[in-house]
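The values are calculated or read from the model by the stated rules, or taken from the named source; none is laboratory data. What you see is a predicted model, and the numbers here were worked out from it, not measured in a lab. Cβ placement follows ideal geometry from the backbone for every residue including glycine, while neighbour counts extend to all protein chains displayed. Heads up: the accessible areas ignore ligands, DNA and RNA and are worked out on the full protein's heavy atoms, side chains in. Shrake-Rupley method; radii C 1.70, N 1.55, O 1.52, S 1.80 Å.
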Amino acid sequence: KATKYFFQKKFEMAELLFREELKTNPENQLAYSYLGDIMLEKQQYDAAIELYKKAIDLKPSGEDKFRLGQAYYYKSLGNVAISHYLDAVRTDPKLKYSYYQIGLTYLVLLRDKDNTISNWETYLRMAPEDPQYEKIRRAIEILRDPNFILPPVGSDISLEEALHLGGVVLQKTERTDTSKS
């Protein structure tokens, strides 16, 4: 019943039932995993981390390691997130989207163009069927341009805007800001 509520996005009921399940069966790895997903959905990242760790201790799974990486990503702990994404793909090589997420973490949290490109290229080789293939390929092209400058964390220009505009506005903004000083 708990999983049925979970997939219906009735998370409060699902959470109640999973917690009840753990009272009678504290070795239920799936219950910890689903509860971690619920906490992730509620943006309770520390709680999600603890639940995923318990699930992994009981039965290591690439999916749980990936989700653990997501929780750390949302906490803006880029290097920790990447280590869990890498662990996920080592545990389950079919988790090709880990490479996309690693690239995204390098881009968004660490502002590292080279590692973003490398991981996204790996992802595209593994997932040519991805509906976002062309968008990711175009983003790689833009990131490769030596004139493209990533906006710093906290910039008025979002990464999405910068990638969409190919960095042109960034260059103009930098000149404008320089002329004001």
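So that you can scan it fast, the table gives a plain yes or no per residue for (1) of a type outside the set (D, E, K, R); (2) surrounded by fewer than 16 Cβ atoms within 10 Å (Cβ to Cβ); (3) at pLDDT below 95:
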position: Val80; (1), (2), (3): yes, no, no
position: Ile117; (1), (2), (3): yes, no, no
position: Glu121; (1), (2), (3): no, yes, no
position: Leu124; (1), (2), (3): yes, no, no
position: Gln132; (1), (2), (3): yes, yes, yes
position: Glu141; (1), (2), (3): no, yes, yes
position: Ser155; (1), (2), (3): yes, yes, yes
position: Val169; (1), (2), (3): yes, yes, yes
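Table: residues versus (1) more than 12 Å from the chain's Cα centre (by Cα); (2) over 25 Å from Ile136 (Cα atoms); (3) modelled with pLDDT under 95.
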{"residue": "Ala2", "(1), (2), (3)": "yes, yes, yes"}
{"residue": "Lys10", "(1), (2), (3)": "yes, yes, yes"}
{"residue": "Leu30", "(1), (2), (3)": "yes, yes, no"}
{"residue": "Tyr34", "(1), (2), (3)": "yes, yes, no"}
{"residue": "Gln44", "(1), (2), (3)": "yes, yes, no"}
{"residue": "Ala71", "(1), (2), (3)": "no, no, no"}
{"residue": "Lys94", "(1), (2), (3)": "yes, no, yes"}
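Total residues in segment 97-115 satisfying the condition of being within 13 Å of the chain's Cα centre (by Cα) and open to solvent by less than 60 Å² (accessible area, probe 1.4 Å): the figure is 11.
For segment 58-78, filtered to residues that are part of a loop (DSSP other than H, G, I, E, B) and among the charged types (D, E, K, R), the residue that is least open to solvent (accessible area, probe 1.4 Å) is Lys75.
Counting only residues that are farther than 14 Å from Leu163 by Cβ, give me the helices (runs of 4 or more DSSP H) lying completely in segment 94-149 with at least 3 of them.
Fully inside segment 94-149 and qualifying: 97-108, 113-126.
Of the residues Gln70, Gln44, Gln101, the single one that is without any contact (Cβ under 8 Å) to a residue 12 or more places away in the chain and within 30 Å of Gly154 (Cα to Cα) is Gln44.
Here Ser83 meets the list (1) out of contact with any Ser or Thr (no Cβ under 6 Å at 6 or more places or on another chain); (2) more than 26 Å from Ser118 (Cβ to Cβ); (3) small (Gly, Ala, Ser) almost entirely, failing just condition (2). Taking segment 26-57 as the range and being open to solvent by 20 Å² or more (accessible area, probe 1.4 Å) and among the polar types (S, T, N, Q) as the test, the residues that pass are Asn28, Gln29, Gln43, Gln44.
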